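Structure record follows, encoded as structure tokens.
The values are calculated or read from the model by the stated rules, or taken from the named source; none is laboratory data. Just so it is clear, the model here is predicted, and its values are computed rather than measured. All Cβ positions, even for glycine, are placed from backbone atoms using ideal geometry, and neighbour counts span all protein chains on display.
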Amino acid sequence: MSQKCRELKDTPWDKEKLSAPSLMKLLNTKQYPNFSVPEEGYFLVPGCGSGNDVINIFKAGPKRHSIGLDFSSIAIDQALEKVKNSDIDASNNLGKIDFCSGDFFKFNYFDKTFDFVYDYTFFCALEPSLRTEWGKKMAELISDGGLLVTLMFPIMEFSEDGPPYPVSLEANSIHSYQQVLVENFELVLHEKVVESFPGRQGRENLAVWKRKNRS
């Protein structure tokens, strides 16, 4: 779907150069009671689209290896062009920006695991039947003690219409995050989102999950 929408230039979810206010607040606050946002390491944005979040994560911490993944090759081309036309040094001696086109469920980045993964409008774009596999893949990709940041949208009554498909936190719903993450992750932050993009107010929560140590 994403590839077709980009061919038609029908991508209302792309927000120019902006990232969600909740992500920027998280990156700027850095230190929380139960976790801290790493200043360096490997960061991943699955379903990165044209790369806004990947670029802004890097800008907020240029020691980071900020990596974007999208199934759409058109999106990746747009992201690379955006970096090329920016004023940032995307390949310095400390960190870098990279973009990959491919299938999330088959993704492997040079056998690396990630310190921070950000999911916004990726989980909700998947068929609900794939959410258990999403949880398993996140557990595979994220380092012990690493963070999975889920900006949960759209929080609403269940509907089979989508994408986006409705989401929830509660474990009593097959469409929830907690049900597919609780085995391998600890919930360390959950809060209602105060500031959202227009049209999304009141339908977003932010949750941060810490990867449990592998036995």
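Computed quantities for the displayed model
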| quantity | calculated |
| --- | --- |
| Of residues in region 109-118 being closer than 11 Å to residue 43 by Cβ and hydrophobic (A, V, I, L, M, F, W, C), the one surrounded by the most Cβ atoms within 10 Å (Cβ to Cβ) | 117 |
| Leading residue by the ranking (surrounded by the most Cβ atoms within 10 Å (Cβ to Cβ)) among those in region 1-14 that are assigned to a loop (DSSP other than H, G, I, E, B) and modelled with pLDDT under 50 | 13 |
| Residue count for region 114-137, restricted to those that are β-branched (Val, Ile, Thr) and within 14 Å of residue 69 (Cβ to Cβ) | 2 |
| Residues within region 171-190 that are at pLDDT below 80, surrounded by fewer than 17 Cβ atoms within 10 Å (Cβ to Cβ) and either closer than 23 Å to residue 23 by Cβ or of a type in the set (Phe, Trp, Tyr) (or both), tallied | 0 |
| Unique residue being in contact (Cβ under 8 Å) with a residue 12 or more places away in the chain and either out of contact with any Cys (no Cβ under 9 Å at 6 or more places or on another chain) or crowded, with 21+ Cβ neighbours inside 10 Å (or both) when the list is 82, 30, 106 | 82 |
| Which numbered condition residue 112 misses (of (1) out of contact with any helix residue (DSSP H, G or I) (no Cβ under 8 Å at 6 or more places or on another chain); (2) more than 28 Å from residue 139 (Cβ to Cβ)) | (2) |
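Okay, residues lined up against (1) farther than 23 Å from residue 182 by Cβ; (2) touching a helix residue (DSSP H, G or I) at 6+ places or on another chain (Cβ under 6 Å); (3) surrounded by 14 or more Cβ atoms within 10 Å (Cβ to Cβ):
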position	(1), (2), (3)
57	yes, no, yes
131	no, yes, yes
137	no, yes, yes
147	no, no, yes
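Every residue, every condition in (1) acidic (Asp, Glu); (2) farther than 17 Å from residue 151 by Cβ; (3) assigned to a strand (DSSP E or B), yes or no:
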| site | (1), (2), (3) |
| --- | --- |
| 49 | no, no, no |
| 59 | no, yes, no |
| 68 | no, no, yes |
| 77 | yes, yes, no |
| 81 | yes, yes, no |
